[in-house]
Amino acid sequence: MSKRVQTKFSGVFYRESFTNDKKDKTYYIRYKDTNGKDVEKKIGKYSEGFRENYCNQIRNEIITKQRIGEEPPAISNKKKKSILSIEKIAESYFEQRDNTRSTLTDKSNYNKYIKVYFNDIDIDNLNKTNIDSFSKYLQNITYSKDNKKLAEKTINNILNLFKTIIKYGVKNDFIKNDVSKYVKLFSIDNARERFLSKGEINTLFESSKDDDVLYLIYKIALNTGARLSSILNIQKNDIDFTHELLTIKDFKNKSTYKAFLTEELSQLLENYIINNDIKNKLFISNPERRLRALLNDLFNKGIEENDRKNKIVFHTLRHTFASHLAINGTPIFTIQKLMNHKDIKMTLRYAKLSPDSGRDAVKDLYNI
């Protein structure tokens with residue numbers, strides 16, 4: 001801990017600190033309690049709006065209360081105003097995040113659920129009961145005309161965001177009590193197992209061939225495994241036609257990587273750029289609804305909306321790309337590279353599809 005720096009006010013000092021890698025000051029006051037013991041109390045940071053005058057006022061009010069045995073109106077009124085709102089922490093948290101699609105989704109979830117519930121609650125005084133009540137509140141929310149409830153995965157996403165904001169608040173000295181430990185997530189076995197067969201892939205291409213945008217996006221997804229957010233951000237200069245390479249921005253892992261272009265995909269991209277007079281970004285608008293509508297029409301009839309194991313969504317195309325690589329005998333570390341997986345554990349789930357996974361060894365075990 002850095003050494004104390006005395007201010008011009010008696011019993012008011014600060015220690016140098018850092019907030020978001022910037023120099024800051026954390027203010028403290030010292031006084032004697034009713035038993036004559038020294039007390040050191042943290043007031044707050046300069047970056048949070050605290051100043052020496054305010055600290056001195058707080059110290060004087062505490063000493064006055066000890067002397068006359070009651071709380072002066074000034075400090076009583078301040079207590080009413082000093083409730084730590086979740087909004088103060090959340091604003092700081094979102095300021096340091098990149099303006100990506102996932103950030104916009106988190107902001108929406110924060111405003112719709114977290115802020116609404118905790119708006120008038122002092123975050124410094126949260127406990128397990130508050131957290132359990134919030135979880136039950138999320139489970140009882142209904143939306144749409146059919147009174148549908150939030151999916152367990154959606155609730156987990158909201159709870160995880162709340163945990164992240166609380167941990168950010170603790171790390172940056174907004175709050176002392178880390179109540180994120182009380183957040184309990186649903187155990188969901190929803191790993192996507194479904195991937196498109198070759199026949200289904202051909203059906204998808206045949207059904208989208210009259211829409212240049214959808215057809216090209218489906219082709220890119222199934223030939224590179226790129227996520228939709230990455231595909232929608234492809235620019236003309238990301239395409240290296242000479243070496244048949246495509247630079248992909250991975251917003252999830254905050255990195256870029258190279259994908260290989262097939263001869264067919266390279267020609268498709270070249271024709272699309274010429275025919276649409278593309279100068280920079282390939283896709284100006286977001287056709288996500290059209291992409292989803294076609295997938296639903298072709299593959300999701302009769303499947304429950306929340307059936308994540310079997311429902312075909314755009315991310316299924318990434319899963320399909322990796323699955324067929326494994327089926328064709330591609331080494332697992334090569335699949336990891338092509339998928340830009342940070343952790344090999346993410347890739348190992350495709351190992352069971354590999355022809356050398358052991359199926360033939362077991363099948364022929366007792367062929368005597």
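Where a number appears in this text, it was derived from the coordinates with a stated rule and is not lab data. Computed from a prediction, not measured in an experiment: that's the story for all the values here. FYI the Cβ positions are ideal-geometry reconstructions off the backbone, even for glycines, and counts take in every protein chain you see.
Under a 10 Å cutoff between Cα atoms, tell me which one of D307, D132, D297 has the largest fluctuation in the Gaussian network model of the chain.
D297
Quick one: angle between helix 263-275 and the longest Cα principal axis of the chain, in degrees between 0 and 90, rounded to 10, please.
Taking the Cα atoms of the chain, the angle to 263-275 is about 70 degrees.
Tell me, in nm to one decimal, what length is gained between K107 and I303 on full extension, where the rule is 0.36 nm per residue of separation less the Cα-Cα distance?
Values: separation 196, 0.36 × 196 = 70.56 nm, distance 2.99 nm.
Once the chain is fully extended between K107 and I303, it gains 67.6 nm.
Neighbouring Cβ atoms within 10 Å as the yardstick, rank T262, T347, T7, T129 fewest first.
On the way: T262 12, T347 21, T7 18, T129 9.
In order of increasing Cβ crowding within 10 Å: T129, T262, T7, T347.
If a/c stays under 1.5 just call it rounded; otherwise compare a/b with b/c (prolate if a/b is bigger, oblate if not). Do that for the stretch 178-287, with a ≥ b ≥ c from the square roots of the Cα gyration tensor eigenvalues.
Values: a/c = 2.32, a/b = 1.59, b/c = 1.46.
It is prolate, given that a/c is not under 1.5 and a/b is the larger ratio.
Pop a pseudo-label 7 angstrom from the Cα along the beta-carbon direction at both D98 and I327 and give the gap in nm to one decimal.
With each label point 7 Å from Cα toward Cβ, the separation is 3.3 nm.
Let's test the formula: R0 of 22 Å, r as the Cβ-Cβ distance of K236 and D212. What FRET efficiency results, to the nearest 0.05? Mind dumping the intermediate values first?
Numbers: r = 16 Å, r/R0 = 0.72.
Efficiency computed from Cβ-Cβ geometry: 0.90.
What FRET efficiency do you get for E270 and K128 if R0 is 51 Å and r is their Cβ-Cβ distance, rounded to the nearest 0.05?
Numbers: r = 60 Å, r/R0 = 1.17.
That pair, E270 with K128, gives E of 0.30.
Using a Cα-Cα cut-off of under 20 Å, which lysines could be cross-linked to K32, ignoring same-chain neighbours fewer than 8 residues away?
K8, K41, K42, K65
Measure off 7 Å from each Cα along the Cα-to-Cβ vector at N202 and Q6, then give the distance between these two points in nanometres to one decimal.
Placing both labels 7 Å along Cα→Cβ, they lie 8.8 nm apart.
Report ³J(HN,Hα) in whole Hz for each residue of the stretch 203-216, in order, from the Karplus equation J = 6.51 cos²θ - 1.76 cosθ + 1.60 where θ = phi - 60°; Gly and Pro get x.
Couplings: 4, 5, 5, 5, 6, 10, 5, 8, 10, 4, 5, 4, 4, 5 Hz.
Taking 0.36 nm per residue of sequence separation and subtracting the Cα-Cα distance, how much length would be gained by fully extending the chain between N296 and T19, in nm to one decimal?
Numbers: separation 277, 0.36 × 277 = 99.72 nm, distance 4.73 nm.
Using 0.36 nm per residue and subtracting the Cα-Cα distance, I get 95.0 nm.
What is the projected area of the convex hull of the Cα atoms of the stretch 87-182, averaged over all directions, in nm²? Display every interim value, and only then the final one.
Values: hull surface 25.5 nm².
With every direction weighted equally, the projected area is 6.4 nm².
Can you list the lysines whose alpha carbon is less than 21 Å from that of K236, not counting same-chain residues fewer than 8 positions off?
Cross-link targets: K219, K249, K254, K258, K279, K281.
Select from the stretch 19-48 those trypsin sites (Lys or Arg not before Pro) which occupy a DSSP coil region and have at most 13 other Cβ atoms within 10 Å, ordered by residue number.
Details: sites: K22, K23, K25, R30, K32, K37, K41, K42, K45; in loops: K37.
Listed in order of number, the matching sites are K37.
Multiplying the sequence separation of E263 and K176 by 0.36 nm and subtracting their Cα-Cα distance, what value in nm do you get?
Values: separation 87, 0.36 × 87 = 31.32 nm, distance 5.80 nm.
25.5 nm is the gain from fully extending E263 to K176.
Given a Förster distance of 45 Å, report the FRET efficiency between H315 and I68 from their Cβ-Cβ distance, rounded to the nearest 0.05. Each step should come with its number before you reach the end.
Working: r = 66 Å, r/R0 = 1.46.
Using R0 = 45 Å, I get an efficiency of 0.10.
Taking the stretch 183-288, which trypsin sites (Lys or Arg not before Pro) meet the DSSP loop condition and have no more than 14 other C-beta atoms within 10 Å?
Numbers: sites: K184, R192, R194, K198, K209, K219, R227, K236, K249, K252, K254, K258, K279, K281; in loops: K184, R192, R194, K209, R227, K252, K254, K279.
When the trypsin sites (Lys or Arg not before Pro) of the stretch 183-288 are filtered for loop state and at most 14 Cβ neighbours within 10 Å, K184, K209, K252, K254, K279 remain.
Can you give the Rg to Rh ratio for the chain, taking only C-alpha atoms and Rh from Kirkwood? Mind dumping the intermediate values first?
Working: Rg = 28.5 Å, Rh = 25.6 Å.
Value, to two decimals: 1.11.
Quick one: which of K128/K171; K37/K167; K115/K149; K37/K171; K112/K149 span more than 25 angstrom between C-alpha atoms?
Details: K128/K171 20 Å; K37/K167 33 Å; K115/K149 19 Å; K37/K171 30 Å; K112/K149 14 Å.
Over 25 Å apart, Cα to Cα: K37/K167; K37/K171.
Give the relative contact order (percent, whole number) for the chain; include only Cα pairs under 8 Å separated by 6+ residues.
On the way: 414 pairs, mean separation 37.0, N = 368.
Reported relative contact order: 10 percent.
I need the phi-derived Karplus couplings for the stretch 16-32: 6.51 cos²θ - 1.76 cosθ + 1.60, θ = phi - 60°, integer Hz, Gly and Pro marked x.
With the stated coefficients, the stretch 16-32 comes to 5, 9, 10, 10, 6, 6, 10, 4, 8, 10, 10, 8, 9, 10, 10, 7, 9 Hz.
Below 8 Å between Cα atoms, with a sequence gap of 6+, how large is the relative contact order for the stretch 162-289 in percent?
Values: 106 pairs, mean separation 22.8, N = 128.
Computed over the stretch 162-289, the figure is 18 percent.
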